[in-house]
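Comments concern the structure below.
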Amino acid sequence: QVQLVESGGGLVQAGGSLRLSCAASGRTFSRYAMGWFRQAPGKEREFVAAVSRSGGGTYYADFVKGRFTISRDNAKSTVYLQMNSLKPEDTAVYYCAASQWPAGRTTKADFGSWGQGTQVTVSS
């Protein structure tokens, strides 16, 4: 399995931006499709975005389309989530995850490795 460590979370005002990073180690990063999920208090963990092994394919939940951008740098073994126009409802713990399946998977069960999460809080 691959080990994942997220960073970049914090407190931001509504309308602001944050960039999350997820550094991977342990296995060849480019062999994994990568995803971001989030979990708000009292809610299920939900899919946010995913990127294919090469970075050429990206997938988004409807509620972040046009605001969030996922990308990856295979040379740095890192995946990013650029979050713009943040809303209070984006407040959650954000998790990075790795999948050995081909690109396009959006369910938790398809991702076998997870980071510890990073807190994002958006104030109104």
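The values are calculated or read from the model by the stated rules, or taken from the named source; none is laboratory data. Since the model is a prediction, treat every value here as computed from it, not as a measurement. Glycine also receives a Cβ, built like all others from the backbone with ideal geometry; neighbour counts cover every protein chain displayed. In case anyone asks, the SASA skips ligands and DNA or RNA and just uses the protein heavy atoms, side chains included. Shrake-Rupley method; radii C 1.70, N 1.55, O 1.52, S 1.80 Å.
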Debye log10 I(q)/I(0) for the chain, one point scatterer per Cα, at q = 0.16, 0.19 Å⁻¹: -0.67, -0.96
Antiparallel DSSP beta bridges within the chain, percent to nearest 5: 90 percent
Could you report the accessible area of residue 48 in Å², rounded to 10, computed with a 1.4 Å probe on the protein chains as they sit in the structure? 0 Å²
Quick check: the distance between the Cα centres of the stretch 70-90 and the stretch 92-124, to the nearest angstrom? 11 Å
Any lysines with Cα under 21 Å of the residue 43 Cα? List them, leaving off those in the same chain fewer than 8 positions away. 65, 87, 108
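What do you reckon, how do 19, 45, 38 stack up by accessible area (1.4 Å probe), largest on top? Each step should come with its number before you reach the end.
Working: 19 130, 45 60, 38 20 Å².
Order by accessible area, largest first: 19, 45, 38.
In debye, nearest 20: dipole of the chain around its Cα centre with unit charges on the Cβ of K, R (+) and D, E (-)?
Numbers: 14 positive and 8 negative charges, 54 e Å.
About 260 debye.
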Whole-Hz Karplus ³J(HN,Hα) for the stretch 33-43, in order, using 6.51 cos²θ - 1.76 cosθ + 1.60 and θ = phi - 60°, x for Gly and Pro? 6, 10, x, 10, 10, 9, 9, 8, x, x, 10
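Extension gain residue 43-residue 58, at 0.36 nm per residue separation less the Cα-Cα distance, in nm? Present the calculation step by step, with values, prior to reporting the outcome.
On the way: separation 15, 0.36 × 15 = 5.40 nm, distance 2.47 nm.
This chain segment gains 2.9 nm when fully extended.
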Phi-derived 3J(HN,Hα) across the stretch 94-104 with the Karplus relation (6.51, -1.76, 1.60, θ = phi - 60°), rounded Hz, x for Gly and Pro, is 9, 10, 8, 8, 10, 10, 8, 7, x, 4, x
Ignoring ligands and nucleic acids, what accessible area does residue 89 show with a 1.4 Å probe (Å², nearest 10)? 120 Å²
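On the protein heavy atoms, probe 1.4 angstrom, tell me the percent of accessible surface of the stretch 1-83 carried by carbon and sulfur. All intermediate terms of the calculation are to be shown ahead of the outcome.
Values: 1890 of 4190 Å².
With neighbouring chains kept in place, the figure for the stretch 1-83 is 45 percent.
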